[in-house]
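Below: one structure, written as structure tokens.
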Amino acid sequence: MDHCILRVALDTPLHAVFDYRWPCDAAARPFPGQLVLVPFGPREVVGIIVAVVDDTDVPAEKLKDALAVRSQLAPLSDEWLALAGFAADYYQRPLGEVALPGLPKNLRVPKTVALDRAIKKLAKEEAPHDPTPVGMPTLNAGQRAAADAIGGAQGYAPMLLYGVTGSGKTEVYLQACAQVLAREPDSQILILVPEINLTPQLEANIRARFPGVTLATLHSSLSEGERMLHWLAAHRGKARIVLGTRLAILASLPRLKLIVIDEEHDPSYKQQEGLRYSARDLAVWRAWQLKIPVVLGSATPSLETWHHAQSGRYRKLELRERAVRQATLPAVKLVNMEHDRPDGGVTMQLKAALRQRLERGEQSLLFLNRRGYAPVICCESCGWVSDCKRCTAFMVLHKGEFKLRCHHCSLEMRIPRHCPTCGNVDLQPLGRGTQRIEENLREWFPEARILRIDADSTRKKGSAQEAFDTVHRGEVDILIGTQMVAKGHDFKKLTLVGILNPDTALFSQDYRASERLFAQLMQVAGRAGRTAQTDGGSASEVLVQTRYPQHPLYAACVNHDYDRFAGALLAEREQAGLPPYLFQAMLRAEAPELAKALEFLLAARDCIAHDGITINDPIPMSMTRVHNVDRAQLLVESPSRPVLQAFLKEWMARLRDMRTRVKWSLEVDPVDI
Ligand SMILES: Nc1ncnc2c1ncn2[C@@H]1O[C@H](COP(=O)(O)OP(=O)(O)OP(=O)(O)O)[C@@H](O)[C@H]1O
Ligand SMILES: [Zn+2]
């Protein structure tokens with residue numbers, strides 16, 4: 001028998017593809033995109049065939065045989081391989097490290113039991129496809145125009161759906177989907193949401209509207225069995241709508257015809273470890289590659305997207321009003337904490353507003369982006385504070401569990417009974433987290449039904465969903481939560497939002513902080529007043545507690561004036577030479593001692609000529625130490641993306657050759673500076 005050479009991408013940090021021999025006749029060669037089981041060191045691993053060739057430079061005695069080709073699975077398409085290839089190139093990672101983690105775990109194991117079972121199960125479920133939507137509401141003129149623009153778009157068409165909170169962007173997506181599904185019987189649509197908690201609401205909407213359409217979801221809380229089935233349904237073209245979080249951008253979708261990115265401004269679209277990709281940016285590339293439309297929806301678009309919309313690169317579709325008749329944007333009011341001094345974190349004015357809502361049976365939401373009871377405890381007699389011994393951070397008080405916990409390295413300890421340095425027994429919590437506000441609320445409003453939603457209260461699988469359902473059913477009077485409650489949710493009975501302590505972000509050294517704060521405030525404010533007021537109901541309002549009521553960011557919030565605020569920020573960025581007018585990459589280094597990390601970064605800076613590139617000085621990261629390692633960073637900038645990309649490629653090759661024990665990584669288009 002003859003043989004061929006399979007060139008295989010494997011999930012390893014090595015920047016290479018690996019050749020294997022595969023005995024077969026010329027007519028029965030495997031295809032690129034097929035999965036293959038190969039020996040790799042002492043293990044057997046699954047890789048992706050990227051090419052099938054006749055010869056290899058690997059000497060015959062070293063060349064190993066591939067063990068099995070997964071012929072029961074159709075090959076991943078050339079387009080999918082190109083997408084993974086682009087992501088690998090752009091983010092400077094090996095192809096296998098990008099492509100393989102995008103596949104369900106059960107596909108990447110030596111045994112095929114799970115795969116075979118899933119294939120059988122899917123074959124049994126063959127359902128007729130009927131794209132006819134049911135119960136579609138009548139759209140208002142703005143929604144209609146937007147839905148037609150999206151549904152009717154042909155070829156590569158990036159669009160920004162810029163619609164105020166509650167303007168009914170979801171309906172626009174659904175109607176656009178209906179048009180695409182009706183026009184192209186085989187088509188697939190990918191819808192991304194930033195956060196897993198937003199999937200159930202949208203999933204229910206989609207199922208209700210398209211009962212004859214197969215929907216697959218892809219997010220991190222699926223079991224491996226479910227993930228395999230859903231992934232396979234997408235890969236085989238059976239799932240017509242795929243709804244997922246950022247990882248779904250790498251789903252195999254052979255007949256993809258439309259991509260929707262909801263809440264496109266959300267930082268969760270950026271993966272913050274390993275392959276640090278932006279699902280939004282990859283979505284736009286994927287649309288360009290496939291020559292299909294892509295919609296980015298938001299009430300507070302990212303400045304990158306806004307910039308493209310202003311320059312005409314993206315088409316701007318606008319929804320200026322709330323979708324529900326008589327629902328209006330809430331009145332945003334600033335409460336000056338210098339005059340109305342908060343007691344227990346809440347001002348008199350906000351307390352009165354809460355009481356009024358309670359009396360009327362309406363819901364309120366308090367937003368505080370800090371979980372735990374108090375961010376730190378201290379000794380008032382000697383000044384001791386609860387530092388984490390492993391991080392540049394405080395140990396947060398979790399009173400109910402009698403624990404101090406570091407939110408960065410997860411170190412836990414019992415709350416000390418007395419000060420570790422002076423023995424004083426009177427240790428005080430400083431500042432407030434959501435748990436402490438919850439405790440205060442229960443004291444002030446003993447009759448109210450109070451619910452806290454944050455990462456701590458929703459640890460158990462399914463508990464977040466349960467909590468949100470409770471709110472939707474109207475069984476909560478006051479909801480207190482972190483950014484988890486701020487996004488996308490359509491709370492129908494909410495008429496008051498209180499924002500407790502937003503000021504700290506005003507003085508951050510990260511130039512993106514104000515963009516983020518503004519978006520967050522507008523988003524959380526947007527949860528209020530989403531339905532028409534019945535007679536006697538309260539007008540919806542948002543109270544922002546601040547010490548800086550003069551700050552222009554708050555003025556923009558009061559006026560719901562995203563346009564002007566974004567315009568001003570963009571002008572500032574242009575003047576200061578910052579993204580989106582400049583392109584960046586961040587090299588980070590970690591070592592047990594800061595000096596070693598800085599030393600590596602200095603060597604990295606000096607190891608290469610860099611025309612057209614600015615390399616800044618290495619600096620310690622603002623949170624320098626995490627889990628006993630010190631971290632430093634080096635920012636690289638260029639006004640030209642291609643110039644930066646070419647430089648990074650060469651630079652990374654040099655760094656990989658450099659012998660160092662320092663752990664380093666590169667982030668392209670960093671979001672946290
Ligand atoms: N044409 C319509 N007629 C009546 N109600 C509508 C219409 N379109 C949307 N709605 C309702 O308006 C509410 C807000 O819609 P949706 O949640 O889609 O807003 P959104 O634009 O996504 O807001 P956000 O940016 O805050 O997430 C929903 O309750 C929805 O059912
Ligand atoms: Zn720590």
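The table below lists the values:
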{"read-out": "Antiparallel DSSP beta bridges within the chain, percent to nearest 5", "value": "50 percent"}
{"read-out": "Positive-pole candidate from Thr470, Gly96, Gly383, dipole of the chain, charges at beta carbon", "value": "Thr470"}
{"read-out": "Net dipole in debye of the chain [+1 Lys, Arg Cβ; -1 Asp, Glu Cβ; about Cα centre; nearest 20]", "value": "1120 debye"}
{"read-out": "Projected-area average for the chain over all orientations - Cα convex hull basis, square nanometres", "value": "33.4 nm²"}
{"read-out": "Distant-in-sequence amide H partners of Met621 (H built 1.01 Å from N, under 5 Å)", "value": "Arg631, Ala632, Gln633"}
{"read-out": "FRET E, pair Ala603, Ala571, Förster distance 45 Å, beta-carbon r, rounded to 0.05", "value": "0.75"}
{"read-out": "Between the stretch 539-586 and the stretch 311-362, the Cα center-to-center distance that results, in Å", "value": "17 Å"}
{"read-out": "Under 5 Å, built H, 5+ apart or other chain: amide partners of Val332", "value": "Val542"}
{"read-out": "Net charge of Cβ neighbours under 9 Å - reference Leu198; Lys, Arg +1; Asp, Glu -1", "value": "-2"}
{"read-out": "Distance between the stretch 1-52 and the stretch 210-247 - C-alpha centres, whole angstrom", "value": "28 Å"}
{"read-out": "Bridge type composition, the stretch 141-319 - antiparallel percent by DSSP, nearest 5", "value": "5 percent"}
{"read-out": "In the stretch 336-368, the GluC sites (Glu not before Pro) that fall in loop regions by DSSP, at most 16 other Cβ within 10 Å", "value": "Glu338"}
{"read-out": "Approximate spin-label separation Asp54-Phe86, in nm, with each point projected 7 Å along Cα-to-Cβ", "value": "3.3 nm"}
{"read-out": "Stretch gain in nm, segment Val113-Phe31, where the contour uses 0.36 nm per residue and the Cα spacing is subtracted", "value": "27.3 nm"}
{"read-out": "Using distinct alpha-carbon pairs, which all enter the 1/r mean, Kirkwood radius of the stretch 289-369 in Å", "value": "17.2 Å"}
{"read-out": "Estimated distance in nm for a label pair at His610 and Ser71, the labels positioned 7 Å out from Cα along Cα-to-Cβ", "value": "5.2 nm"}
{"read-out": "For the chain, with +1 on Lys and Arg beta carbons and -1 on Asp and Glu, the positive-most of Val164, Phe367, Ser77 along the dipole", "value": "Phe367"}
{"read-out": "Net lengthening on full extension, Ala141/Arg355 (0.36 nm per residue, minus Cα-Cα)", "value": "73.2 nm"}
{"read-out": "Length-normalised contact order for the chain - Cα pairs under 8 Å, 6+ apart - percent", "value": "11 percent"}
{"read-out": "Normalised contact order of the stretch 583-668, rounded percent, pairs of Cα under 8 Å and 6 or more residues apart", "value": "45 percent"}
{"read-out": "Local electrostatic count, Asn616, Cβ distance below 11 Å [Lys/Arg +1, Asp/Glu -1]", "value": "-1"}
{"read-out": "Cβ-defined net charge surrounding Thr458, 13 Å radius [Lys, Arg +1; Asp, Glu -1]", "value": "0"}
{"read-out": "Gain upon complete extension [Lys663, Lys460; 0.36 nm per residue less C-alpha separation]", "value": "69.7 nm"}
{"read-out": "Virtual paramagnetic centre 7 Å along Cα→Cβ of Lys492, amide N under 16 Å, in the stretch 321-358", "value": "323-327"}
{"read-out": "Given Lys399/Lys596; Lys105/Lys461; Lys316/Lys461, the pairs whose alpha carbons are separated by over 31 Å", "value": "Lys399/Lys596; Lys316/Lys461"}
{"read-out": "Candidates per chymotrypsin sites (Phe, Trp or Tyr not before Pro) in the stretch 370-417, loop by DSSP, up to 16 other Cβ within 10 Å", "value": "Phe402"}
{"read-out": "Charge-dipole axis of the stretch 498-637 as Lys and Arg at +1 and Asp and Glu at -1 on Cβ define it, positive-most pick from Leu570, Gln633, Ser508", "value": "Ser508"}
{"read-out": "The stretch 438-484-the stretch 54-128 distance, computed between alpha-carbon centres (Å)", "value": "43 Å"}
{"read-out": "Karplus (6.51, -1.76, 1.60) ³J(HN,Hα), θ = phi - 60°, over the stretch 512-519, in Hz, Gly and Pro reported as x", "value": "7, 4, 6, 4, 5, 4, 4, 4"}
{"read-out": "Unmatched cysteines, the chain - criterion: no other Cβ of a Cys under 4.7 angstrom", "value": "Cys4, Cys24, Cys177, Cys378, Cys409, Cys557, Cys607"}
{"read-out": "Cα centre as origin, Lys/Arg/Asp/Glu Cβ charges: the stretch 141-319 dipole, Debye", "value": "520 debye"}
{"read-out": "Amide N of the stretch 420-447 lying under 14 Å from the label point, which is placed 7 angstrom from the Cα of Lys389 along Cα→Cβ", "value": "420-421"}
{"read-out": "On Cα atoms only, tilt of 348-360 relative to the major axis of the chain in degrees", "value": "80 degrees"}
{"read-out": "Rg followed by Dmax, in Å, when the stretch 583-668 is reduced to its Cα trace", "value": "12.5, 37"}
{"read-out": "Average Cα contact separation per residue, the stretch 141-319, under 8 Å, 6 or more apart, as relative contact order %", "value": "36 percent"}
{"read-out": "Under the Karplus curve 6.51 cos²θ - 1.76 cosθ + 1.60, θ = phi - 60°, whole-Hz ³J(HN,Hα) for the stretch 421-433, x wherever Gly or Pro sits", "value": "9, 10, x, 4, 8, 9, 8, 10, x, 10, x, 9, x"}
{"read-out": "Rounded to the nearest 20 debye, dipole of the stretch 3-78 from Cβ charges on Lys, Arg, Asp, Glu", "value": "200 debye"}
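Rule-based calculations on the coordinates, nothing more; no lab input. What you see is a predicted model; the values in this text were computed from it and never measured. Glycine also receives a Cβ, built like all others from the backbone with ideal geometry; neighbour counts cover every protein chain displayed.
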